[in-house]
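Here is the structure we will look at.
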Amino acid sequence: MSAYRTINPATGETVAEFPVLAAADVEGIVARSARAYKTFRVLPLTDRTKVLKRAAELHRERIDELAAILTLEVGKPIAQARGEVELVASIYEYYADNAATFVADEDLAIVGGGEATVRTEPIGPLLGIMPWNYPYYQVARFVAPNLALGNTILLKHARNCPQSALAIERVLHEAGLHRDAYINAFIDSSQVASVIADDRIQGVSLTGSEAAGSAVGEVAGRHMKRVVLELGGSDPFIVLDDADIDAAVAAGVRGRIANAGQACTASKRFIVVETVYEEFTRKFIAAVTAIATGDPTSPDTFLGPLSSSGAVDELEEIVQDAVNLGATLHTADGAARSGAFYPPTVLTEVTPAMRAYSEELFGPVAVVYRVPSPQAAVELANESPFGLASSVFTSDQDEARRIAEALEVGMVWINSTSRSAPDLPFGGVKRSGVGRELAKYGIDEFANKKLIRIPE
């Protein structure tokens, strides 16, 4: 079993290493989580939300420290790292402020007289399996609603961000959370199935790849466990002929390049109606290729390294496949692919024969398509096996709503790219996963909706 390692993607230097838990230790943390649940679930809600409120405060108080860890471990530019910490604080604060409303008893209007009430209760210990691209945010959107509800949590984080994982645990414990209500678990992928199968674990949430989601979903289904799967995306960015082209270009650059393009909800497929294709593509390529990679510790850097040299290799394979099969590559003159840095790139003339047509490009590479009509744009958008987020740029709000209805996705943004907020539900359809996080919906995925009936 390989260790968890902090490897600075900007330099390739191994900074720290942490061992994987032995089998006996894995059994121990599952037992601790189960024991803690018995007392944690019956704590007054105000006690649990007090912890969340303090966790929000600690994130803001320690924003410099926490952001620096992200920059070190995954290469996130420091300004974007600080933004992630602030977003996380807002999530903890949101559930601290709104959990009482979300879990309040619901009285049903029923036929037959008497009373009927639906009560929202926790279900037990949960396993979270989280990725590296937003190490704090993706944990928070799972953890905050479930701690408010009264579930306890084991958290397996990605192997390349162990210090981020430990920082999350440290903040929650210092906020007053019982040490066994949230346990960081440095476990190997081979140990995950046995944890999910354990009768004491009642559900599992994974944010990650389609392959990981399929494997986890299969085990969870076999053992009748609740599951939330937030998987990949190949988000369409549709530009109609009446769009503000300059605004669309600016939004598209942010949507594709932020976090080095390493986001499931990043804008990836730019689908442009042919009457404005030349203008949009010319301006978009110019803006994208003008971006320089830089030191992620600098506040002025917008594009830092990818998470690892392996991530660069995977991205380059898909790009090279497209070029070999006839796609046109647009990148900055003389741009070098060194270390974990990858220059911002645009592909045009991509066809179904190329991997870039159907696979998720997890990095700063955009694909631009020409289509004859809005209907053709929708058809191309829906051709993807993914269905996470999407964007529609047009000055016609009625047309935007019609397209939004036709898109096979979980989220549609009009004249904007996808952005996360505590009060907006997050999730997709098709091979982008199942379940929802954030807003009031996030608290219901691992809740028991218990009916209490008193007949007349």
The conditions are (1) part of a loop (DSSP other than H, G, I, E, B); (2) surrounded by fewer than 19 Cβ atoms within 10 Å (Cβ to Cβ), and Leu329 fails exactly one of them. Which is it?
(1)
Of everything in the range 160-179, what is over 18 Å from Ser205 (Cβ atoms), in contact with a Phe, Trp or Tyr (Cβ under 7 Å, 6 or more places away or on another chain) and not polar (S, T, N, Q)? Give them in sequence order.
Pro162, His178
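Quick one: is Arg119 more than 15 Å from Val204 (Cβ to Cβ), of a type in the set (Lys, Arg) and without any contact (Cβ under 8 Å) to a residue 60 or more places away in the chain?
Judged against the criteria, Arg119 is not a match.
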Neighbours by Cβ (under 6 Å, 6+ apart or cross-chain): first from the range 164-178, over 18 Å from Glu84 (Cβ atoms); second in a loop (DSSP other than H, G, I, E, B) and not hydrophobic (A, V, I, L, M, F, W, C):
His173/Arg179
Filter the range 361-378 for residues that are closer than 25 Å to Pro425 by Cα and out of contact with any strand residue (DSSP E or B) (no Cβ under 7 Å at 6 or more places or on another chain); which is surrounded by the most Cβ atoms within 10 Å (Cβ to Cβ)?
Gly363
Checking the condition basic (Lys, Arg), touching a residue at least 12 places away in the same chain (Cβ under 8 Å) and buried (at least 18 other Cβ atoms within 10 Å of the Cβ), which residue from Arg60, Arg41, Arg35, Arg54 passes?
Arg54
Residues located in the range 60-105, provided they are over 27 Å from Leu43 (Cβ atoms), of a type in the set (A, V, I, L, M) and touching a strand residue (DSSP E or B) at 6+ places or on another chain (Cβ under 8 Å):
Leu72
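In this structure, does Pro135 turn out to be modelled with pLDDT of 95 or more, under 28 Å from Arg453 (Cβ atoms) and within 16 Å of the chain's Cα centre (by Cα)? Give the derivation first.
Details: modelled with pLDDT of 95 or more: yes; under 28 Å from Arg453 (Cβ atoms): no; within 16 Å of the chain's Cα centre (by Cα): yes.
No; evaluated as a whole, the condition is false for this residue.
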Failed condition for Ala381, given (1) closer than 30 Å to Val312 by Cβ; (2) part of a loop (DSSP other than H, G, I, E, B), with all others met?
(2)
Among the residues in the range 35-56, are any in the same structural domain as Leu126 (by TED's automatic domain parsing), in contact with a Lys or Arg (Cβ under 9 Å, 6 or more places away or on another chain) and under 22 Å from Thr301 (Cα atoms)?
no
Checking Ala332 against (1) within 19 Å of Phe280 (Cα to Cα); (2) at pLDDT 95 or above; (3) not acidic (Asp, Glu), which test does it fail?
(2)
Criterion first (under 17 Å from Glu230 (Cβ atoms) and of a type outside the set (S, T, N, Q)) does Arg419 satisfy it?
yes
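Considering only the range 393-432, how many residues are closer than 18 Å to Ala140 by Cβ and assigned to a strand (DSSP E or B)?
Pass one, the range 393-432, residues closer than 18 Å to Ala140 by Cβ: 418-427.
Add one more test, that the residue is assigned to a strand (DSSP E or B), and what stays is 426.
Result for the range 393-432: 1.
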Listing of helices (runs of 4 or more DSSP H) fully contained in the range 11-78 that carry 2 or more residues being under 30 Å from Ala311 (Cα atoms) and touching a Pro at 6+ places or on another chain (Cβ under 7 Å):
63-74
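The values are calculated or read from the model by the stated rules, or taken from the named source; none is laboratory data. The shown structure was predicted, so the numbers you read here are calculated from the model rather than taken from an experiment. Counting neighbours? That spans all protein chains shown, and the Cβs are built from the backbone with ideal geometry, glycine included.
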